[in-house]
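See structure below.
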Amino acid sequence: MFLRGFTGQGLAPREEYMPQMLADTVATAIAKRSGCRVTTAADVKSLIDTAAGRAMCGDDSISCTAEIGQALGVDTIVDGTIRVVGDHFAVAA
């Protein structure tokens, strides 16, 4: 599985760490509960340069995501958003 990560929406500067923290937490939980190998966006960043990836298959298109998944050898790709709703945070994946 490739956990692409979460995008922050409406987060205050002091909350900008939350998408990465959430991705790490979710990846760990999925790996522990399912036993499957979870590759994260942080893993991918250490393997490929963002500019080279965009040049290879376009900006942030679905086809690019599919190519990345295929290159990683994963069957599932997960991403989502985290946003502020009043005093709470809403997560969608």
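Restricting the search to helices (runs of 4 or more DSSP H) fully inside the stretch 1-67 and requiring at least 3 residues that are open to solvent by less than 70 Å² (accessible area, probe 1.4 Å) and either modelled with pLDDT of 85 or more or among the acidic types (Asp, Glu) (or both) gives 18-34. Only a single criterion out of (1) surrounded by 11 or more Cβ atoms within 10 Å (Cβ to Cβ); (2) modelled with pLDDT of 80 or more is not satisfied by Leu72, namely (2).
Out of all the residues in the stretch 76-93, which are open to solvent by less than 70 Å² (accessible area, probe 1.4 Å) and assigned to a loop (DSSP other than H, G, I, E, B)? It would help to see each step written out before you state the result.
Initial filter on the stretch 76-93 (open to solvent by less than 70 Å² (accessible area, probe 1.4 Å)): 76-82, 84, 86, 90, 92.
The answer is Thr76, Gly86.
Scanning the stretch 27-40 for residues that are among the aliphatic types (A, V, I, L, M) and in contact with a Ser or Thr (Cβ under 9 Å, 6 or more places away or on another chain), we see that the one that is nearest to Ile82 (Cα to Cα) is Ala27. Checking each residue in the stretch 31-40 for being among the hydrophobic types (A, V, I, L, M, F, W, C) and touching a Leu at 6+ places or on another chain (Cβ under 7 Å) picks out only Val38.
The values are calculated or read from the model by the stated rules, or taken from the named source; none is laboratory data. Only a predicted model underlies this, so the values are computations on that prediction, with no experimental measurement involved. A quick note on method: Cβ atoms are made from the backbone with ideal geometry, for glycine too, and the neighbour counts reach across all protein chains shown. These accessible areas exclude ligands, DNA and RNA; they are computed on the full protein's heavy atoms, side chains included. Shrake-Rupley method; radii C 1.70, N 1.55, O 1.52, S 1.80 Å.
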